[in-house]
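**Student:** Handing you this structure, nothing more for now.
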Amino acid sequence: MPKPGATNLNMATLLAHGSLRAVKQLYVAPERAPVNGVVLVSQLEAIRRIPPNTVVVLSPDIGSGGWKVSAALRQAWERKASAVIVPESAYAASAVGLAERLGISLLAADTDPSRVALALAAEIGAMESVVDVELAGFARAVAGESTVNNVLKTLSHRLGAIHVTLEQYGIVLASAGTAGGDVIEVGIGIRSVDPSVPATLVARVPKTDGHDPGVVRMFLEIAAPSVQAAWMASEIRENEASTPTIALSEMGIPLPVSVGAQTPDETFPKLLAKLGWRDDQPYDAVWIARDPREPHRAGRTAVVRLLWRKVAPHRPLAEVLGGWLAIVPCPAEEEPSRLEQRLRAKIGASMTELGLSVGLSRRQTGARPLHAIVQEARIAAECARRLHEGSVASFAKLGIGAASVLVDDDAITSIARLILPALMAAPDREQIVRDALAFMDHQSSVTMAANSLDLHRNTMQTRLNRAKDVGITLNDPSQRLSIHLILCVLERTFLNDESGKQLPEN
Amino acid sequence: MSTLTSSDVHHLGVGANFLACQVDPTSIYIYEDMIQHALTTHSVELISVEELHPDDLVVAVGIVSQGLLIADMPPVGDEFTGCIQAIEARLNKKVRAIFPLAASNINGILPLLVGIQAGLPVVDSDPMGRIFPLIYQSTLNMGNVGIGPIAVRGVTGEQALVEVQDPYRAETLVRALVIELGGWAATAMYPCTARQLGEHGVHGSVMRMIRIGEILEDGGSSESRYLRLMDLLHATRIARARVSHRESFSWDKGLGLPTQTTSLTLIDETTDQIIRLEIQNEFLLVLVDGAVAAAIPDIITLLSTEHGHVVNLDDVGEGDVLDVIMTPAAPQWYSEAGLKLAGPAGFILPVDHPRRHA
């Protein structure tokens, strides 16, 4: 695939095989300067108006004085010209030295320079026609793609596999190509599904590859309408495809808490099968929860869906009350932890930036447990939000611990302030809580608790005595559950509060 | 009014050379020698233009050359007095004072001898403030002061009075006469009143040459002389560079100018910049890495970094390390009309003056 360039011509090519192969090379700059045009100048001031990457051919009139060649070289260098061609007899040794100092190629034509200019112009013209054809072909190619990822892949491929991305809020929504090291960023704004928050189409052009950023921008502009169209179309498809998932929500999921309430499969025994849910298929549910304190923002769904494609490109993500829900059919042989790993790797960081949390259910087979796995995913997402905003939590790992995560932390902390004032005032309260929790977590075994904290048994015992001194009762079965709950909440609160001293007030 | 001393004359010669930076200063030495001899029995007065009556007739005296040096065809002695008498006879009015046609080179010093010969004071003013190769390149021309009638006289005693008012036509006619008169000729031109010279001339230019000479001939260190010169002339050093090579093929002869041309290339060994000087009678351009750093009417001088004296073009050798000094010309020359007349455009150079907006 040729490198992008208005003509794809450069000095090295022209000197080796092109219309400049017969000129005398007084100095050739090491850089492969691109060539987009040629100008025959008879007045020095004309050089000030040339565009970059132009070959400047000096007429015999202007080449009559060596100083004019020097001045022409300087002005050509200031205009980022590709090369200066002088009549064979006009150059001087000092001009060659100046060309070398400025790093601009200096060539001498032994024939009429205008002939060289004409030959070069013809070659550039022919190449420009090729470029026009290439651009038209590229426009057709991207117009034929129906997904954002495929449009970006086509764009990246055409630009020599450079890294191209679709970004919003600084988050990469989709990408293609290989990220390089030292790059120039070329970006254009495009209208997103949420018009109030424009997205950006970015190409990262390696500095060493000789890409012309202006040409890269041209390709981005050609690709932009296709990116927008594919994005919009994917939204429509996603909405259609997410109907069965939304239906689960419409059928009463999440379930009411009351014991004995009917599950959807009991209420609608045949509807789930008609919606496409299969009894022999293992499913995972993924719930992406937004902070309920944050107002709902139009267009956020489109962004989340583009990110979701990195995890499960063919599974719809439905917008439901409180967040987004996906039911992911999984191959029976796939490890249940694979989906969690993908979630963390592909979208974990982006979710954190967006202030969203992800919950993953345990894997269940068939349509009947769908309501359950949706509940699990929702609970896991809520736990993830409480544990650390933006994190990914798995219900399988949370297990029954989810109950302690979902308790009202503020209420529990208030109780602790009232019942255990000595603990709450203690400067070493974090250590006390950690020690007491270790004791309770290890079946009230001082030895095991000491081992878990890498302490001597006697030290552990001393610390437990300290816990008792501040009011923590560790040997009363009637208080054990409450004490454990308070300790869990306090530890979590300490972790969430970096200082560990700014506990929530009543 | 001041009576010039032998020392003043010597310093004037040095200063005239500084501002001329010509190929060969021999002509200056010849005239300085003649003036020094004359001063043993005569004196010459330097006056300011204000010391004259506004209606007094003054005239510029100077040599117009077509490449021939004075040393090759020495003057007989009556060339300039003949020219002044011709002007007086034509205008039927006595010339009360003379002034130099240019404030450097041989024309900067020879009015002293003419003043001694004619018994006239020399006005400390001139119509160029430096030297230009063409007689119409003057501030008097910019001020619409007539160049004619012009008296031209050669060493053979042949003389012509050119009745001309168009200064460009005058250049052509006088240059043609000079060729016929042997290669150089004495001239008296720009006959005008003291008021006109006061309004349109460049003043203090003779004393400036003397001051330059005093500094250059001072026994102090070259660095202290250099600093005093920069202070006196508001000059700047464009580069301190080593001569790389010389060329002499750069110019076409579109203006029919008198002498051969040359180019100098120097390398600044500190910055690696390539300094290129373009010369045709005068230094016309200084390019640093191809960019115009100075251009006529700026006065360019080459100074020896070792001794602090002027280095004439004939003495420049490859490997020499020189200071390239730029001295601003008289302010009139940086006006739009001034640059058109004697800036790069006046020499058909397709570049803008770097200080064209000054």
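**Student:** Go through (1) within 38 Å of the chain's Cα centre (by Cα); (2) surrounded by fewer than 17 Cβ atoms within 10 Å (Cβ to Cβ); (3) not in a helix (DSSP H, G or I) for residue A:89 and report which single condition fails.
**Tutor:** The number of the failed condition is (1).
**Student:** Let me ask another. Please work out which residue is most open to solvent (accessible area, probe 1.4 Å), limiting yourself to the stretch A:103-140 and to residues that are of a type in the set (Ser, Thr, Tyr) and closer than 19 Å to residue A:76 by Cβ.
**Tutor:** Here the residue is A:114.
**Student:** While we're here: Any residue at all in the stretch B:204-216 that's at pLDDT 90 or above and either within 13 Å of chain A (Cβ to nearest Cβ) or at positive phi (or both)?
**Tutor:** yes
**Student:** May I pose another question? Hand me the list of helices (runs of 4 or more DSSP H) wholly inside the stretch A:293-367 holding 2 or more residues that are basic (Lys, Arg).
**Tutor:** Because the criterion is at least 2 residues that are basic (Lys, Arg), the helices (runs of 4 or more DSSP H) in the stretch A:293-367 that meet it are A:300-308, A:336-342.
**Student:** Kindly indicate the residue of the stretch A:260-308 that is of a type in the set (Asp, Glu) and at pLDDT 70 or above and also surrounded by the most Cβ atoms within 10 Å (Cβ to Cβ) among those meeting that condition.
**Tutor:** Filtering the stretch A:260-308 for residues that are of a type in the set (Asp, Glu) and at pLDDT 70 or above, the one surrounded by the most Cβ atoms within 10 Å (Cβ to Cβ) comes out as A:284.
**Student:** Looking at (1) within 19 Å of the chain's Cα centre (by Cα); (2) not in a loop (DSSP other than H, G, I, E, B), find the lone condition where residue B:329 falls short.
**Tutor:** (2)
**Student:** Moving to a separate point now. Mind checking whether some residue in the stretch B:321-331 is within 20 Å of residue B:263 (Cβ to Cβ) and either open to solvent by 10 Å² or more (accessible area, probe 1.4 Å) or within 14 Å of chain A (Cβ to nearest Cβ) (or both)?
**Tutor:** Let us first name the residues in the stretch B:321-331 that are within 20 Å of residue B:263 (Cβ to Cβ), namely B:321-326.
Those still in the list that are either open to solvent by 10 Å² or more (accessible area, probe 1.4 Å) or within 14 Å of chain A (Cβ to nearest Cβ) (or both) too: B:321, B:326.
Looking through the stretch B:321-331, at least one residue is within 20 Å of residue B:263 (Cβ to Cβ) and either open to solvent by 10 Å² or more (accessible area, probe 1.4 Å) or within 14 Å of chain A (Cβ to nearest Cβ) (or both).
**Student:** Give A:227, A:257 a once-over and let me know the one that is at pLDDT below 65 and either assigned to a helix (DSSP H, G or I) or surrounded by fewer than 16 Cβ atoms within 10 Å (Cβ to Cβ) (or both).
**Tutor:** Going through A:227, A:257 in turn, just one is at pLDDT below 65 and either assigned to a helix (DSSP H, G or I) or surrounded by fewer than 16 Cβ atoms within 10 Å (Cβ to Cβ) (or both): A:257.
**Student:** Inside the stretch B:116-133, can you point out the residues that are of a type in the set (A, V, I, L, M) and open to solvent by less than 10 Å² (accessible area, probe 1.4 Å)?
**Tutor:** B:122, B:123, B:128 - these are the residues of the stretch B:116-133 that are of a type in the set (A, V, I, L, M) and open to solvent by less than 10 Å² (accessible area, probe 1.4 Å).
**Student:** Could you tell me whether the stretch B:97-115 includes any residue that is touching a residue at least 24 places away in the same chain (Cβ under 8 Å), open to solvent by 20 Å² or more (accessible area, probe 1.4 Å) and not in a helix (DSSP H, G or I)?
**Tutor:** Within the stretch B:97-115 (the criterion being touching a residue at least 24 places away in the same chain (Cβ under 8 Å), open to solvent by 20 Å² or more (accessible area, probe 1.4 Å) and not in a helix (DSSP H, G or I)), the answer is no, since none of the residues qualifies.
**Student:** For residues that are among the aliphatic types (A, V, I, L, M) and in contact with a Phe, Trp or Tyr (Cβ under 7 Å, 6 or more places away or on another chain), tally how many sit in the stretch A:403-432. Show your work before the answer.
**Tutor:** Pass one, the stretch A:403-432, residues among the aliphatic types (A, V, I, L, M): A:403, A:405-407, A:411-412, A:415-416, A:418-420, A:422-426, A:432.
From the residues that got through so far, the ones that are in contact with a Phe, Trp or Tyr (Cβ under 7 Å, 6 or more places away or on another chain) too are none.
Selection size over the stretch A:403-432: 0.
**Student:** Name the residues in the stretch A:127-186 that are small (Gly, Ala, Ser) and assigned to a helix (DSSP H, G or I), would you?
**Tutor:** Correct list: A:129, A:136, A:137, A:139, A:141, A:143, A:156.
**Student:** When the residues of the stretch A:398-441 are narrowed to those that are outside any helix (DSSP H, G or I) and not hydrophobic (A, V, I, L, M, F, W, C), which ends up surrounded by the most Cβ atoms within 10 Å (Cβ to Cβ)?
**Tutor:** Going through the qualifying residues, I end up with A:428.
**Student:** Let me ask another. So which of A:120, A:107 ends up being more than 10 Å from chain B (Cβ to nearest Cβ), within 16 Å of residue A:54 (Cα to Cα), in a helix (DSSP H, G or I) and hydrophobic (A, V, I, L, M, F, W, C)?
**Tutor:** Of the residues listed, the single one that is more than 10 Å from chain B (Cβ to nearest Cβ), within 16 Å of residue A:54 (Cα to Cα), in a helix (DSSP H, G or I) and hydrophobic (A, V, I, L, M, F, W, C) is A:120.
**Student:** Assess whether residue A:51 counts as being within 25 Å of residue B:279 (Cα to Cα), more than 8 Å from chain B (Cβ to nearest Cβ) and in a loop (DSSP other than H, G, I, E, B).
**Tutor:** So residue A:51 fails the test.
**Student:** Here's something else I'd like to know. Taking residue A:94 and the conditions (1) closer than 21 Å to residue A:12 by Cβ; (2) within 13 Å of chain B (Cβ to nearest Cβ); (3) among the polar types (S, T, N, Q), which numbered condition does it fall short on, given that it satisfies the others?
**Tutor:** Looking at each condition in turn, residue A:94 falls short on (1).
**Student:** Let me ask something additional. I'm checking my understanding of the structure. Among residues of the stretch B:290-299 that are touching a helix residue (DSSP H, G or I) at 6+ places or on another chain (Cβ under 6 Å) and within 10 Å of chain A (Cβ to nearest Cβ), which one is most open to solvent (accessible area, probe 1.4 Å)?
**Tutor:** B:291
**Student:** Which residues, taken from the stretch B:262-274, are more than 9 Å from chain A (Cβ to nearest Cβ) and over 9 Å from residue B:243 (Cβ atoms)?
**Tutor:** Residues satisfying the conditions are B:262, B:268, B:269, B:270, B:271.
**Student:** Name the residues in the stretch A:316-332 that are closer than 14 Å to residue A:281 by Cα and modelled with pLDDT of 80 or more, would you?
**Tutor:** A:327, A:328, A:329, A:330, A:331 - these are the residues of the stretch A:316-332 that are closer than 14 Å to residue A:281 by Cα and modelled with pLDDT of 80 or more.
**Student:** Okay, moving on. Looking for something out of contact with any strand residue (DSSP E or B) (no Cβ under 9 Å at 6 or more places or on another chain), over 28 Å from residue B:301 (Cα atoms) and not in a helix (DSSP H, G or I) - is there at least one such residue anywhere in the stretch B:180-189?
**Tutor:** Scanning the stretch B:180-189 turns up at least one residue that is out of contact with any strand residue (DSSP E or B) (no Cβ under 9 Å at 6 or more places or on another chain), over 28 Å from residue B:301 (Cα atoms) and not in a helix (DSSP H, G or I).
**Student:** Among the residues of the stretch A:54-70, how many are within 12 Å of chain B (Cβ to nearest Cβ) and closer than 30 Å to residue A:207 by Cα?
**Tutor:** So the answer is 1.
**Student:** For the stretch B:274-292, which residues satisfy the criterion of being out of contact with any Leu (no Cβ under 9 Å at 6 or more places or on another chain) and of a type outside the set (A, V, I, L, M, F, W, C)?
**Tutor:** Within the stretch B:274-292, B:282 is the sole residue that qualifies.
The values are calculated or read from the model by the stated rules, or taken from the named source; none is laboratory data. Computed from a prediction, not measured in an experiment: that's the story for all the values here. No Cβ is skipped: glycine too gets one built from the backbone with ideal geometry, and neighbour counts run over all protein chains shown. Only protein heavy atoms, including side chains, enter the accessible area calculation; ligands, DNA and RNA are left aside. Shrake-Rupley method; radii C 1.70, N 1.55, O 1.52, S 1.80 Å.
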